[in-house]
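Colleague: Okay, handing you the structure first.
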Amino acid sequence: MDATLLGRTVVFYGIVLCVGAVFGRLLPSRLGTDEDPDSRSGERLGRLGAGVLLLGLAALFASQLLEFRDPLAPLAGEARILLGTSWGRTWLAAGVGAGVACASFWMASAGRSRAWFIGAASVVPLAAFPALSGHAVASEDLQWIAVTADGLHVLAAGVWMGGLAWVLWRTRALHEPAPRAVTLVRAFSPWARAGALVLVVTGGFAVWLHVADLSALPRSPYGRWLILKLTLVALTMSLGWWNWRCATPRLGGTAADARAARRSMVLEWWVGFALVIAVTAALVNTSPS
């Protein structure tokens, strides 16, 4: 894996976890679980996501700098030139946003609940970073619609996969009784389905915008990455449907049933988070033409 692709992948992971942390902070208030002894799962997930995001942004910037710099020119001067481009300004804004999000999650951990407003206000725009540094912003037609759709695509992935990360983290950390785990998962399920729907709609729009000939997909690197992503997304959605209809009710059964149901949800998360996001980063890193 080249450095640029690795950086993009880590950036995607960080954004999704940050969105999941913000979403997770909103969901428990709807369930009345803020008074639980371990109600800091959102802050922990947010700190992890922001740290991963900062690491990914640094790796992405370094790879771009090394790729485009003049080996005979001073590195500091080349960095200033790169930061003066539209891509560099976008990267700099993302770095500042990730830093603000990280500080906000730390302040929230110290009991400053208002820090969540700052965190949410910084995380939501970060979802636009992949669009502003990828295929969407390079679209000749419908550019801002493409950027908006791409940002919604990332936010939807954050609600689904980031939210599922929070649910799995919280139920494991709290050792919650099965009935409350069922309540938590059932409260999350409509959001996951909504996220999946937004992903399908915005993903379909991106395919329509960037792919001129569907029959040519197997013959291009971009097309092969897209086919792989669609296959993994279909698998993730199948696992999500199974967990919604079959696994969730088993959380309220025996201990063995509850463990089996949780393993099924963990599998959904690994396929959707680790694999789909990595393939998405490869897709963004590949020219559609």
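The values are calculated or read from the model by the stated rules, or taken from the named source; none is laboratory data. A quick note: this is a predicted structure, and the numbers were derived from the prediction, not measured. Note that each Cβ is placed from the backbone with ideal geometry, even for glycine, and that neighbours are counted across all protein chains shown. SASA here: full protein model, heavy atoms, side chains in, ligands and nucleic acids out. Shrake-Rupley method; radii C 1.70, N 1.55, O 1.52, S 1.80 Å.
Colleague: What tally of residues in region 194-217 results from selecting those that are of a type in the set (Phe, Trp, Tyr) and touching a residue at least 12 places away in the same chain (Cβ under 8 Å)?
Modeller: Matching residues across region 194-217 total 1.
Colleague: Another question, if that's okay. Filter region 111-132 down to residues that are among the aromatic types (Phe, Trp, Tyr) and open to solvent by less than 30 Å² (accessible area, probe 1.4 Å) and give me whichever is modelled with the highest pLDDT.
Modeller: We begin by selecting, within region 111-132, every residue among the aromatic types (Phe, Trp, Tyr); these are 116-117, 129.
Then drop every residue that is not open to solvent by less than 30 Å² (accessible area, probe 1.4 Å), which leaves 116, 129.
On the way: TRP116: 84, PHE129: 90.
The selected residue is PHE129.
Colleague: Another question about this same structure. Those residues that are open to solvent by less than 70 Å² (accessible area, probe 1.4 Å) and of a type in the set (S, T, N, Q), I need them from region 246-266; list them, please.
Modeller: Selection gives THR248, SER264.
Colleague: Pick from ARG170, ARG193: which is under 22 Å from the mean Cα position of the chain (by Cα), of a type outside the set (A, V, I, L, M, F, W, C), closer than 28 Å to GLY14 by Cβ and surrounded by 21 or more Cβ atoms within 10 Å (Cβ to Cβ)?
Modeller: Values: ARG193 fails: surrounded by 21 or more Cβ atoms within 10 Å (Cβ to Cβ).
Result: ARG170 is the single residue among ARG170, ARG193 that is under 22 Å from the mean Cα position of the chain (by Cα), of a type outside the set (A, V, I, L, M, F, W, C), closer than 28 Å to GLY14 by Cβ and surrounded by 21 or more Cβ atoms within 10 Å (Cβ to Cβ).
Colleague: Taking ARG170 as the residue in question, decide whether it is assigned to a helix (DSSP H, G or I), more than 21 Å from ARG44 (Cβ to Cβ), of a type outside the set (A, V, I, L, M, F, W, C) and touching a residue at least 60 places away in the same chain (Cβ under 8 Å). Step through it out loud before you land on a result.
Modeller: Working: assigned to a helix (DSSP H, G or I): yes; more than 21 Å from ARG44 (Cβ to Cβ): no; of a type outside the set (A, V, I, L, M, F, W, C): yes; touching a residue at least 60 places away in the same chain (Cβ under 8 Å): yes.
Spelling it out, it is not the case that ARG170 is assigned to a helix (DSSP H, G or I), more than 21 Å from ARG44 (Cβ to Cβ), of a type outside the set (A, V, I, L, M, F, W, C) and touching a residue at least 60 places away in the same chain (Cβ under 8 Å).
Colleague: Now for a different question. Checking the structure you have, find out if any residue of region 224-245 is in a helix (DSSP H, G or I), open to solvent by 70 Å² or more (accessible area, probe 1.4 Å), of a type in the set (D, E, K, R) and within 21 Å of ALA21 (Cα to Cα).
Modeller: no
Colleague: Would you be able to tell me the number of residues in region 246-264 that are part of a helix (DSSP H, G or I) and closer than 16 Å to ARG180 by Cα?
Modeller: Looking only at region 246-264, we keep the residues that are part of a helix (DSSP H, G or I), and these are 246-250, 255-264.
Now restrict to residues that are closer than 16 Å to ARG180 by Cα: 247-250, 255, 257-259, 261-262.
Total satisfying the criteria: 10.
Colleague: Can you tell me which of TRP144, TRP87, TRP160, TRP91 is more than 28 Å from ALA192 (Cα to Cα) and at pLDDT 80 or above? Spell out how you get there, then give the answer.
Modeller: Values: TRP144 fails: more than 28 Å from ALA192 (Cα to Cα); TRP87 fails: at pLDDT 80 or above; TRP160 fails: more than 28 Å from ALA192 (Cα to Cα).
Matching residue, one of TRP144, TRP87, TRP160, TRP91: TRP91.
Colleague: Can you name the condition, by its number, that VAL198 falls short on among (1) of a type in the set (Val, Ile, Thr); (2) more than 26 Å from ALA50 (Cα to Cα); (3) open to solvent by 50 Å² or more (accessible area, probe 1.4 Å)?
Modeller: Of the numbered conditions (1) of a type in the set (Val, Ile, Thr); (2) more than 26 Å from ALA50 (Cα to Cα); (3) open to solvent by 50 Å² or more (accessible area, probe 1.4 Å), the odd one out for VAL198 is (2).
Colleague: Pairs needed: first member in region 227-239, under 17 Å from SER215 (Cβ atoms); second member anywhere, open to solvent by 60 Å² or more (accessible area, probe 1.4 Å) and part of a helix (DSSP H, G or I); C-beta distance under 9 Å; at least 6 residues apart or different chains.
Modeller: Close Cβ pairs (under 9 Å, with a partner that is open to solvent by 60 Å² or more (accessible area, probe 1.4 Å) and part of a helix (DSSP H, G or I)) amount to ILE227/PRO218.
Colleague: Of a type in the set (Ser, Thr, Tyr) and either in a helix (DSSP H, G or I) or open to solvent by less than 60 Å² (accessible area, probe 1.4 Å) (or both) - does that describe any residue in region 209-221?
Modeller: Within region 209-221, one or more residues are of a type in the set (Ser, Thr, Tyr) and either in a helix (DSSP H, G or I) or open to solvent by less than 60 Å² (accessible area, probe 1.4 Å) (or both).
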